[in-house]
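Peer 1: Let me give you the structure first, and then I'll get to my questions.
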Amino acid sequence: MAKEIRAIVIAGNGTNCEREVAHACRLAGAEVADIVHIAELLAGRVRLDDYHFLNLAGGFLDGDDLGSAKAGANRLLHARVADSEEHLADQLQRFVADGKLVMGVCNGFQLMVKMGLLPALDGNYQQQTATLTFNDGGRFEDRWTYLAVDPDSPCVYTRGLPGIYLPVRHGEGKFVPGDDALLERIESGHLAPLRYATAAYQPTMTYPENPNGSVAAIAGVCDPSGRLFGLMPHPEAYVHRTHHPRWTREPELPEEGMGLWLYRNAVEFLRSEVV
Amino acid sequence: MPWRIVVGLKDGVRDARGERVRAEIRRHLGIELESVRTLDVYTVDAELTDDEVAAAANGPFCDPIIQQAAVNQPLAEDFDILIEVGFRPGVTDNVGRTAREAIQYLTGRSFADGEGVYTSTQYLLKGAIDKQAAETIAGDFLANGLIQRWTILTADELDPAKGVPVSVPRVVGSAEPTVRTISLDVSDEQLLAISRDGMLALNLEEMKKLQAYVADPATREKRCARGLSAELTDVELEALAQTWSEHCKHKIFSAKIDYTDENGNRQLIDSLFKTYIVGATARVRENMGERDFCLSVFKDNAGVIRFNDDWSLVFKVETHNSPSALDPYGGALTGIVGVNRDGVGTGMGARLIFNTDVFCFASPFLDKPLPKRLLHPRRIFDGVVEGVEHGGNKSGIPTVNGSIVFDDRFAGKPLVYCGTAAIMPAELNGRPCHEKAVQVGDHIVMTGGRIGKDGIHGATFSSEELHEGSPVTAVQIGDPITQRKMFDFLTIARDRGLYNSMTDNGAGGLSSSIGEMAEDTGGCELHLDRAPLKYPGLQPWEILISEAQERMSLAVPPEKLDEFLQLAKEMDVEATDLGTFTDSGYFHCLYRGETVAWLDMEFLHQGVPQMVIPARWTPKTLREPGLALPQDLSLELSGLLARLNICSKESVIRRYDHEVQAGTVIKPLVGVANDGPSDAAVFRPLLDSFEGTVVSHGICPSYSDIDTYHMMACAIDEGLRNYVAVGGDIEHVAGLDNFCWCDPVQSDKTPDGEYKAAQLVRANQALYDYCVAFGVPLISGKDSMKNDYQIGDTRISIPPTVLFSVIGRIEDVRRAVSMDVKRPDDLVYLLGMTRDELGGSEYYAAHGELGCNVPKVDAGYALDLYKRLNRAQRQGLVASCHDLSDGGLGVALAEKAFAGGFGIRADLTAVRTDAPLRDDALLFSESQSRLLVSVHPELRDDFEAVFAGTDCALIGEVTEDGRLEVTGAGGRVLIDSRIEDLKQAWQAPLREL
């Protein structure tokens, strides 16, 4: 019997999408998809080491009060696990070093970028090199976006996918690399597997198809290994036909939503290469 | 010495916030600026080292990719005027709280008492403006003087070495706690003065009741034994005033009403609430018999109905009008997070699944001078929308349904309705989850936020000036994250069975929450000095009635107390043991061991005297306007589409996350371009089930100007019509009423009180009649009865307004129907009867008329149609369905067509009418109980069979040519417009807001 795939979704302090992310993991075939409050991790009762697939879900960590996910990143970096010398960040670095999967969606993506987990060139997972900041429109928006997929990306989540259609729901989703050299390396390394696009899946800088003015229309970023991945659009928000905004008028839509494909790829990868 | 950390964007980084502020200053104030840039300031008042402050400045406070930070020196340069806006002392500063926590994580040390972080924002304005213009920008746009203060400096005035002078908005001037006693052995005049000066809002009769209570020798004797005098303490007086307030006791809805109708018939109504609201529900439940799905009505924070065998649905809608008038952002934010606590605090606790919001505003484009102290409707609009946005989005609750109603009388008082639904297991640890009971000996535990002077005496338009150094009491600002953490904690505590009862702390604070919970056991012993405070200096009475947000009160059995407190600590939630519930028969408060309140529970809760309110119905003499038939009905239609009450609200809807939790099946925006106006929301609360809940509402205050009876009937029908349009089951639906009235008590101030009271009676009569006829039980509701503005001689009263919200069920969400037409050649049917009912319509309003033929509802007729529609939907026969409301058939046809991206050709001669009607009446009459349906041609026979013998008229078909073409008698073309043009007219008015 194959060993079980164990997914964890961290909750607490303003994380909001933990239930639907866990549901998506389960639908994708993960045998375990635990929602774990961060207090449990900090108390040392639950350890990241016991899982294969870490999900950092959408929400407003600490209200995004110091800028999206900033206070959350600070907590993960500096909070100690009870009765040990370890910070939660140490567990996280070990998780990454073990070749496991981490996916951050929306606030989770912001958290990963601000902790330095993405794009994490040259094996440095601890230094922030890019950011996600206020949408050019200056406002939170909920709208569905077409996303072009880079077929040459090492990203394990987007393998073999055509374009996908997902909602964005954020006020701070504009991706900005630290400098042109970083952008160049992201492009040449195919580390931007998803870009905001027209309905014909052509990347675009035009609002509202590109809802936030992201540089190079970047909607999602992975690390060079392709195992760490973050994106502003919400894949867990489209796992069934009835999530699609036009399901009542497009009878040909498949039962399964496009967002689920990302989770399926993750579970498949884990089953074949990690577990 | 406090530190000032300033954080700004690096050169060349776009300042989206600054750009938005610049654009809004132009729109709001007509002031043109070259540029606006923004800086964030953290004033850190704590014992820290230079290195620690530098680490915070360059760590959690600053994004190294796009921002830079400076400590104790300015970043501002290249500007003409600098405005720094910060909070007044004592105002909730959420960002400051997070900043403080971030520093604590960084240093590993906790802040000492009195230490803190305070945030402010610097706006760097460039352009030809002087300080006076800057004052206008600060006072009229950037800041709200009630909660914020500002500093304005020219470029020359800014000290280049130190920047803006440091000012720490710490609450200062703590008074020693004292308890005063108040003699009520005084004249009537003095009694009234005590009430007025203390902002107790008690009338003479109520004051005399208190006078008699303490004068009673039996009371005196008992008080004496407790060490209290015959004079009430301030703690007692405040507790009584809160408990007896209109807000808590609903005195107008509980009053005896002496009602005389238009024929002179007199009727004594003993409580509108009991007679019409509770009465309707009792009758409906009796009629339903075994089908009764109500579980908990009127007795808890929210109503509870059955969802399925395993789950129950919780629903509540609140208003937060006065606070939103004072501070639109804080008021609305508090409104939404406050109603969320009602949802969570129902029964043993529930999980929130969605929010709804309905606003009534004056036009944001209002272009006339406003009376003193009123904020411009544009500011109200912006602030309220942002408040609900933050409240909902940050809490992870989708905002799925709502609307905005415009009438310039709402300049006097905006209405802000915030609704919330939640789901709870039908049973918890073997007992019904919607029931709870405090046990004698349970500990009183308060969780969540701390107590400050927030919201003491609610928000009143008091004349008292707020002064430097005194904490703000009128306005509260919600903190969604503290609340979210508390809810996460309470869910776990609930499932572990760690408490026996819970309720939220809202109006009246601990006084109300503990007072109500103590009714279960018949007493309590509450130690006010144990309550955690935001800052020192609160008086015992202030602790008791503070409305500081984000707090819940629980009854925790002694054997569970340690586990409860330990769990709270681990989850970083404050929880404090404040005493015990007893069966002493007394509401007993202590401060440092001394008794400060000792009130008979019976007197506290049942003692308030019943008001008697006269009401006399004299219908107004109104007539139809006799408008000439317009030449160009296409023009009339596009004009109506652009009216504020009809036009697209997309710019607002997109600011709300309406999809978080992944349950929204029919979203607020639907159609080929995701921008058509949905009638109602369908939501799937359980991710592994296709059973859904449906929510919608009806609201039509314009009809109140003719007759509130029909206003109420129309609101009920509209709510249900929207509900069935998407597929809601008409046999499993509950209603919830929110009355917002102008003062209906006859007095010098309100010379037309008898009329307003009669309007209230008539609305209640309709509520009863139609709920019973439709078979819709009411499960909860709320009233807000003083929505008037009065300063000097200026009086503005809102139109009597009732929001009728409905919640119910759909068996299978895959059978839900959206409003947009689906494909060419589909047949278009109009269900229902069109009458000459343009009274109070948008069409008449567009021509400056009211009319008198208000729409009337035939509930039996409507119910039959709705049942058939449900049947057709279940059989999959309905391709689209849209309700007819504001703007009638013309508007519904246009919306349906452009939402679907196809044209419609329609023939008005096919419309069912009860008498010959003019073309404009056919198009724009607002007759109720009508729906516009499209059906695939191959399903025609099946569809028509379901509606055989009813007013189901085939009036046209969907076309590919993208035009709305409407013909009248003799084939005359009445409307011929491109759907893009109609859509443009509909989208334009509020697109930029």
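The values are calculated or read from the model by the stated rules, or taken from the named source; none is laboratory data. Quick caveat: nothing in here was measured; it's all calculated off a predicted structure. Here Cβ is always computed from backbone atoms with ideal geometry, including for glycine, and neighbour counts include all displayed protein chains. Side chains included, ligands, DNA and RNA excluded: accessible areas come from the protein's heavy atoms. Shrake-Rupley method; radii C 1.70, N 1.55, O 1.52, S 1.80 Å.
Peer 1: Quick test of your reading of the structure: B:HIS28 fulfils all but one of (1) touching a Leu at 6+ places or on another chain (Cβ under 9 Å); (2) away from chain A (no Cβ under 14 Å). Name the failing condition by number.
Peer 2: For B:HIS28, the failing item is (1).
Peer 1: For the range B:76-87, state whether one or more residues are surrounded by 19 or more Cβ atoms within 10 Å (Cβ to Cβ) and free of Cβ contacts under 8 Å to residues at least 24 places away in the same chain.
Peer 2: Within the range B:76-87 (the criterion being surrounded by 19 or more Cβ atoms within 10 Å (Cβ to Cβ) and free of Cβ contacts under 8 Å to residues at least 24 places away in the same chain), the answer is no, since none of the residues qualifies.
Peer 1: Looking only at residues in the range B:547-600 that are under 23 Å from B:LEU533 (Cβ atoms) and among the β-branched types (Val, Ile, Thr), which one is surrounded by the most Cβ atoms within 10 Å (Cβ to Cβ)?
Peer 2: For the range B:547-600, the residue satisfying everything is B:VAL556.
Peer 1: State all residues of the range A:3-53 that are in a strand (DSSP E or B) and either more than 16 Å from A:VAL267 (Cβ to Cβ) or in contact with a Phe, Trp or Tyr (Cβ under 6 Å, 6 or more places away or on another chain) (or both); if no residue qualifies, say none.
Peer 2: A:ARG6, A:ALA7, A:ILE8, A:ILE10, A:ALA11, A:THR15, A:ILE35, A:VAL36, A:HIS37
Peer 1: Could you go through the range A:78-92 and let me know if any residue there is facing another protein chain (nearest Cβ under 9 Å), touching a residue at least 24 places away in the same chain (Cβ under 8 Å) and in a helix (DSSP H, G or I).
Peer 2: no
Peer 1: If B:ARG814 passes every condition in (1) touching a helix residue (DSSP H, G or I) at 6+ places or on another chain (Cβ under 8 Å); (2) within 14 Å of another protein chain (Cβ to nearest Cβ); (3) among the basic types (Lys, Arg); (4) buried (at least 23 other Cβ atoms within 10 Å of the Cβ) but one, which one does it miss?
Peer 2: All conditions pass for B:ARG814, except number (4).
Quick grid of which residues meet (1) more than 24 Å from B:PRO177 (Cβ to Cβ); (2) modelled with pLDDT of 90 or more; (3) assigned to a helix (DSSP H, G or I):
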{"residue": "B:LEU202", "(1), (2), (3)": "yes, no, no"}
{"residue": "B:MET207", "(1), (2), (3)": "yes, yes, yes"}
{"residue": "B:TYR213", "(1), (2), (3)": "yes, yes, yes"}
{"residue": "B:GLU238", "(1), (2), (3)": "no, yes, yes"}
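Peer 1: Out of (1) buried (at least 18 other Cβ atoms within 10 Å of the Cβ); (2) farther than 22 Å from A:HIS23 by Cβ; (3) not β-branched (Val, Ile, Thr), the odd one out for A:LYS100 is which?
Peer 2: (2)
Peer 1: Inspect all residues belonging to the range B:33-56 and state whether any of them is touching a helix residue (DSSP H, G or I) at 6+ places or on another chain (Cβ under 6 Å), among the charged types (D, E, K, R) and outside any helix (DSSP H, G or I).
Peer 2: Yes, the range B:33-56 has at least one match.
Peer 1: Among the residues in the range A:39-56, are any facing chain B (nearest Cβ under 10 Å), under 18 Å from the mean Cα position of the chain (by Cα) and crowded, with 22+ Cβ neighbours inside 10 Å?
Peer 2: Let us first name the residues in the range A:39-56 that are facing chain B (nearest Cβ under 10 Å), namely A:39-40, A:42-43, A:45.
Okay, now just the ones that are also under 18 Å from the mean Cα position of the chain (by Cα), so none.
Checked the range A:39-56: no residue is facing chain B (nearest Cβ under 10 Å), under 18 Å from the mean Cα position of the chain (by Cα) and crowded, with 22+ Cβ neighbours inside 10 Å.
Peer 1: Which residue, of B:GLU189, B:GLU205, B:GLU221, B:GLU135, is open to solvent by 60 Å² or more (accessible area, probe 1.4 Å) and in the same structural domain as B:ILE81 (by TED's automatic domain parsing)?
Peer 2: Matching residue, one of B:GLU189, B:GLU205, B:GLU221, B:GLU135: B:GLU135.
Peer 1: Does A:PHE109 meet the test of being more than 12 Å from chain B (Cβ to nearest Cβ), within 14 Å of the chain's Cα centre (by Cα), modelled with pLDDT of 95 or more and surrounded by 20 or more Cβ atoms within 10 Å (Cβ to Cβ)?
Peer 2: Answer is yes for this residue.
Peer 1: Of the residues A:LEU161, A:LEU253, A:LEU191, which single one is without any contact (Cβ under 8 Å) to a residue 24 or more places away in the chain, more than 10 Å from every other protein chain (Cβ to nearest Cβ), outside any helix (DSSP H, G or I) and aliphatic (A, V, I, L, M)?
Peer 2: None of the other options fit; the residue is A:LEU253.
Residue-wise test of (1) open to solvent by 30 Å² or more (accessible area, probe 1.4 Å); (2) on the phi < 0 side of the Ramachandran plot; (3) at pLDDT 95 or above.
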{"residue": "B:ALA766", "(1), (2), (3)": "no, yes, yes"}
{"residue": "B:ILE779", "(1), (2), (3)": "no, yes, yes"}
{"residue": "B:ASP788", "(1), (2), (3)": "no, yes, no"}
{"residue": "B:THR794", "(1), (2), (3)": "yes, yes, no"}
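Peer 1: Do we find a residue being in contact with a strand residue (DSSP E or B) (Cβ under 9 Å, 6 or more places away or on another chain) and among the polar types (S, T, N, Q) anywhere in the range B:556-573?
Peer 2: Within the range B:556-573 (the criterion being in contact with a strand residue (DSSP E or B) (Cβ under 9 Å, 6 or more places away or on another chain) and among the polar types (S, T, N, Q)), the answer is no, since none of the residues qualifies.
Peer 1: Condition check: within 14 Å of chain A (Cβ to nearest Cβ), under 21 Å from B:VAL164 (Cα atoms) and open to solvent by 20 Å² or more (accessible area, probe 1.4 Å). Does B:GLN73 satisfy that?
Peer 2: No: the conditions fail for B:GLN73.
Peer 1: Give the residue that is farthest from the other protein chains (Cβ to nearest Cβ), with candidates limited to residues of the range A:214-250 that are of a type outside the set (A, V, I, L, M, F, W, C) and not in a loop (DSSP other than H, G, I, E, B).
Peer 2: Filtering the range A:214-250 for residues that are of a type outside the set (A, V, I, L, M, F, W, C) and not in a loop (DSSP other than H, G, I, E, B), the one farthest from the other protein chains (Cβ to nearest Cβ) comes out as A:GLY220.
Peer 1: Now, a different point. So the check is Cβ under 8 Å with 6+ separation or different chains; which pairs have a first residue in the range B:491-519 that's within 14 Å of chain A (Cβ to nearest Cβ) and closer than 15 Å to B:PRO557 by Cα and a second one that's of a type in the set (A, V, I, L, M) and part of a helix (DSSP H, G or I)?
Peer 2: B:ALA493/B:LEU567; B:ALA493/B:ALA568; B:ARG496/B:LEU567
Peer 1: Let me ask another. Of B:HIS710, B:HIS697, which residue is touching a strand residue (DSSP E or B) at 6+ places or on another chain (Cβ under 9 Å) and open to solvent by 10 Å² or more (accessible area, probe 1.4 Å)?
Peer 2: Numbers: B:HIS710 fails: touching a strand residue (DSSP E or B) at 6+ places or on another chain (Cβ under 9 Å).
B:HIS697 is the lone residue from the list that is touching a strand residue (DSSP E or B) at 6+ places or on another chain (Cβ under 9 Å) and open to solvent by 10 Å² or more (accessible area, probe 1.4 Å).
Peer 1: Please give the number of the condition A:VAL9 fails out of (1) within 12 Å of chain B (Cβ to nearest Cβ); (2) within 24 Å of A:ARG169 (Cβ to Cβ).
Peer 2: Against the list (1) within 12 Å of chain B (Cβ to nearest Cβ); (2) within 24 Å of A:ARG169 (Cβ to Cβ), A:VAL9 comes up short only on (1).
Peer 1: Which residues, taken from the range B:79-92, are in a loop (DSSP other than H, G, I, E, B) and within 17 Å of B:THR151 (Cβ to Cβ)?
Peer 2: If the condition is that a residue be in a loop (DSSP other than H, G, I, E, B) and within 17 Å of B:THR151 (Cβ to Cβ), then B:PHE79, B:ASP80, B:ARG88, B:PRO89, B:VAL91 are the ones that fit.
Peer 1: Within the group B:VAL772, B:VAL806, which residue is over 22 Å from B:ARG373 (Cβ atoms) and part of a strand (DSSP E or B)? Steps first, please.
Peer 2: Details: B:VAL772 fails: part of a strand (DSSP E or B).
Of the residues listed, the single one that is over 22 Å from B:ARG373 (Cβ atoms) and part of a strand (DSSP E or B) is B:VAL806.
Peer 1: Against the definition (open to solvent by 40 Å² or more (accessible area, probe 1.4 Å) and among the acidic types (Asp, Glu)), how does B:GLU238 come out, yes or no?
Peer 2: no
Peer 1: Okay, moving on. Just for the range A:126-153: of the residues that are away from chain B (no Cβ under 13 Å) and open to solvent by less than 40 Å² (accessible area, probe 1.4 Å), which one is nearest to A:MET232 (Cα to Cα)?
Peer 2: Once the filter is applied, the top-ranked residue is A:LEU147.
Peer 1: Tell me which residues, restricted to the range B:656-686, are more than 7 Å from chain A (Cβ to nearest Cβ), assigned to a loop (DSSP other than H, G, I, E, B) and among the hydroxyl-bearing types (Ser, Thr, Tyr).
Peer 2: The answer is B:SER678, and nothing else.
Listed here are the residues, each with its yes/no results for (1) in the same structural domain as B:GLY832 (by TED's automatic domain parsing); (2) free of Cβ contacts under 8 Å to residues at least 24 places away in the same chain; (3) over 20 Å from B:ASP679 (Cβ atoms); (4) part of a helix (DSSP H, G or I).
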residue	(1), (2), (3), (4)
B:HIS882	yes, no, no, no
B:VAL891	yes, no, no, yes
B:ALA897	yes, no, no, yes
B:LEU922	yes, no, yes, yes
B:LEU964	yes, no, no, no
B:GLY970	yes, yes, yes, yes
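Peer 1: Separate question: Would you list the helices (runs of 4 or more DSSP H) that sit entirely within the range B:271-383 and hold 3 or more residues that are at pLDDT below 95?
Peer 2: Answer list for the range B:271-383: B:321-326, B:328-344.
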